[in-house]
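Q: One structure follows; several queries about it will come next.
The values are calculated or read from the model by the stated rules, or taken from the named source; none is laboratory data. All of these numbers come straight from a predicted model, not from anything done at the bench. Cβ placement follows ideal geometry from the backbone for every residue including glycine, while neighbour counts extend to all protein chains displayed.
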Amino acid sequence: MKRNKYIPLFFWSEIKFIFKEKENYGDLLSKYLVEKISGREVKWVHPKKQPWYKWDKSHYLAIGSILPHATKNSIVWGSGIIDREHHVAKADFRAVRGPRTREFLQQLGYDCPPVYGDPALLLPEYFNPQVEKEYKLGIIPHYHDYKKAVELFEDNPDIRVIDLMCMDVEEVTRQIMSCERTLSSSLHGLIVSHAYRIPSLWIEFSDKIFGDGIKYPDYLESVGLSVYEPPFIKESLTTEEWISMFEKYPVLPEKKKVKALQQGLMEACPFLPE
């Protein structure tokens, strides 16, 4: 791709598609990290709605379960699928979130290298402040689950419920870092916790999350964790109950495994500064 002063990037935007006032943290991470890594400003583009007269329609897809939006002009770095029933076009696949995404693409007859990792795993390389641990547990609900999580846990002074609808990646990241452990129904709550070496467990509050659930095992397998059925949270938990959950499930990938994924992602990164 010709080097421009900006990076043409697609990420899911709650503001552009749903007309909300804020973005989802995981989606906003894509813009944040691509700008940090490339040293250039991101320009949001829609892969399927670029001007017909535009000569170079090449663009990037990074963080997110956004592969159904890819086109032949997409350069994919770390994206994943969200539902195995959705069609994905052939694109330039440099890295994907996990082995289940790659397997899906190979079944379609596409070339896809065995380079895995959600780019959010790279966040500590670009933002790593000293943050005091203020809470024993963080609850990181998918934004569909936020009200439910607040109802169940807001009265517990040892627990922080984190709102992922934001415009400030760094502030939400600090909130995650302020917790000793996290329970997350958000995929990127789980990933960012692991990136900062915070034990984190995938949980569910509802069945409202879009897709067939493939994104969670896709990620877990990428970091070498056993796939498990997430605990379904219907009511508030005692300290003993949530501590026992961390003893029962795999909650932190090996550091060397994460480092290997980080290295592979950087080696495959298509927009590193020259």
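Q: Is it the case that Leu225 is farther than 19 Å from His142 by Cα and in contact (Cβ under 8 Å) with a residue 24 or more places away in the chain?
A: yes
Q: Also, I was wondering about something else. Enumerate the helices (runs of 4 or more DSSP H) found wholly within the stretch 117-193, keeping only those where 1 or more residues are under 16 Å from the mean Cα position of the chain (by Cα), polar (S, T, N, Q) and on the phi < 0 side of the Ramachandran plot.
A: Per the criteria, 169-177.
Q: Take Phe93 and decide whether it is in a strand (DSSP E or B), over 30 Å from Asn156 (Cβ atoms) and not acidic (Asp, Glu).
A: In short, yes.
Q: Further question: Residues in the stretch 57-65: is at least one over 23 Å from Asp163 (Cβ atoms) and of a type in the set (Val, Ile, Thr)?
A: no
Q: Answer yes or no: is there a residue in the stretch 40-62 that is part of a loop (DSSP other than H, G, I, E, B), on the phi > 0 side of the Ramachandran plot and outside the structural domain of Ile191 (by TED's automatic domain parsing).
A: Among the residues of the stretch 40-62, not one is part of a loop (DSSP other than H, G, I, E, B), on the phi > 0 side of the Ramachandran plot and outside the structural domain of Ile191 (by TED's automatic domain parsing), which makes the answer no.
Q: Any idea how many residues of the stretch 1-13 are over 13 Å from His59 (Cβ atoms) and either crowded, with 19+ Cβ neighbours inside 10 Å or at pLDDT 95 or above (or both)?
A: 2
Q: Same structure again: So Val172 fits all but one of (1) without any contact (Cβ under 8 Å) to a residue 40 or more places away in the chain; (2) β-branched (Val, Ile, Thr); (3) touching a Cys at 6+ places or on another chain (Cβ under 8 Å); what number is the exception?
A: Failed condition: (1).
Table: residues versus (1) under 25 Å from Glu254 (Cα atoms); (2) not assigned by TED's automatic domain parsing to the domain that holds Ser206.
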| residue | (1), (2) |
| --- | --- |
| Ile81 | yes, yes |
| Arg97 | yes, yes |
| Val115 | yes, yes |
| Lys136 | yes, no |
| Lys147 | no, no |
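Q: Let me ask another. So Thr239 ticks every box in (1) over 18 Å from the mean Cα position of the chain (by Cα); (2) β-branched (Val, Ile, Thr); (3) closer than 15 Å to His194 by Cβ but one. Which box is left unticked?
A: Condition (3) is where Thr239 drops out.
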